[in-house]
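Worksheet for the structure shown next.
The values are calculated or read from the model by the stated rules, or taken from the named source; none is laboratory data. Because the structure is a prediction, the values reported are computed rather than measured. A quick note on method: Cβ atoms are made from the backbone with ideal geometry, for glycine too, and the neighbour counts reach across all protein chains shown. All accessible areas refer to the heavy atoms of the entire protein, side chains included, with ligands and DNA or RNA removed. Shrake-Rupley method; radii C 1.70, N 1.55, O 1.52, S 1.80 Å.
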Amino acid sequence: MAQPISSSPPSAAPLRFTELAGQSILVTGGTRGIGLGIVRLLAGAGARLMITGRKSHRLERVAEELRTVGADFRTCVSDVADRDASRRLADATLEAFGAIDGLVANAQSYIPVTPLADITPENFDLVLDTGPRGTLWLMQAVLPAMQARGRGRIITFGSSMGQTGAPGYGPYAAAKEAVRSLTRTAAREWGRFGITVNCICPASAAHRMPVAKEGALSPEEEARARAFAAMYADHPLGRDGDPLADIAPVVAFLLSDASQYLTGQTFMVDGGGILRS
Ligand SMILES: NC(=O)c1ccc[n+]([C@@H]2O[C@H](COP(=O)([O-])OP(=O)(O)OC[C@H]3O[C@@H](n4cnc5c(N)ncnc54)[C@H](OP(=O)(O)O)[C@@H]3O)[C@@H](O)[C@H]2O)c1
């Protein structure tokens, strides 16, 4: 049945807009790159964090850093491809913090740059399992807790490569477009529960670029380095994004009440890079 149209915001409580202090947020893949920048910013904003990755030594490195700043956090080794593990992760987050205010579904595994003609089923499975499938398992896992409270923020991760058809990145690009599509469906299905679902397409690739050790780069590394140089040759801002200064603030905005009337959208957090295509 059609719902009445109302101009009232979902909560009568005074909005705290960008305030994230005390909010319980699950960040997958928080040990490196963009995820680590997000973890650093949210910890500084006083959020309570459940941080995941596959490698315990990387999680321990992040934990050491966060302890020095007095952050309230937990870490958990968890593979986003594992649906049961995502349910256990949501349970552990609820047990630790009593709520799940936000999900930042950042983790994604990659495959080497490969022309479509050479893609194997294993290549495709890896990016689909850790991209759209992993994102969906996480969204399902946090849904009951968010639905029960009548509020939730879910941030998913797409890529401009999905929109530009980047050669050599076929399965990854397809996986990221599937994430954007799931984002729109979740936004429509869960909006009435007070849950917003938005996708960001970030650009912060410097940490992924190969550094020559003991001489020359491999052909695959050289191809990635060339693609990176080409990417920034005709870029509006002329520079790579910084995980902490450029990407994380947009995630924080989407987690906050300031974004409560946005859902189902994709935000290109790429310094205008998409305009080159
Ligand atoms: N970097 C860019 O310019 C760019 C551009 C467009 C989109 N994106 C998207 O932004 C997100 C972050 O990218 P990034 O470049 O920061 O990635 P990254 O540097 O490779 O870091 C990936 C993070 O995810 C974790 N991870 C990888 N596979 C996992 C799995 N199966 N289960 C759990 N954790 C896993 C990694 O930790 P462990 O190694 O410990 O597992 C790491 O913490 C991704 O969704 C990516 O597709 C990035």
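Numerical summary
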{"read-out": "Residues of the stretch 183-222 classified as open to solvent by 50 Å² or more (accessible area, probe 1.4 Å) and either under 19 Å from residue 152 (Cα atoms) or in contact with a Ser or Thr (Cβ under 6 Å, 6 or more places away or on another chain) (or both), total", "value": "6"}
{"read-out": "Evaluation of residue 100 against (1) in contact (Cβ under 8 Å) with a residue 60 or more places away in the chain; (2) open to solvent by 60 Å² or more (accessible area, probe 1.4 Å) (one fails), failing number", "value": "(2)"}
{"read-out": "Subset of the stretch 57-78 [under 16 Å from residue 130 (Cβ atoms) and surrounded by fewer than 17 Cβ atoms within 10 Å (Cβ to Cβ)]", "value": "77"}
{"read-out": "Any hit, the stretch 134-146, residues being in contact (Cβ under 8 Å) with a residue 60 or more places away in the chain and over 20 Å from residue 162 (Cβ atoms)", "value": "yes"}
{"read-out": "Residue pairs meeting the criteria (Cβ under 9 Å; at least 6 apart or on separate chains; first within 13 Å of the ligand (Cβ to nearest atom), in the stretch 45-67; second of a type in the set (Asp, Glu) and at pLDDT 95 or above)", "value": "52/79; 54/79"}
{"read-out": "Output for the stretch 126-182, where each listed residue is crowded, with 22+ Cβ neighbours inside 10 Å, assigned to a helix (DSSP H, G or I) and away from the ligand (no atom under 15 Å from the Cβ)", "value": "142, 146"}
{"read-out": "Residue match in the stretch 80-87 (condition: within 13 Å of the ligand (Cβ to nearest atom), assigned to a helix (DSSP H, G or I) and open to solvent by 70 Å² or more (accessible area, probe 1.4 Å))", "value": "yes"}
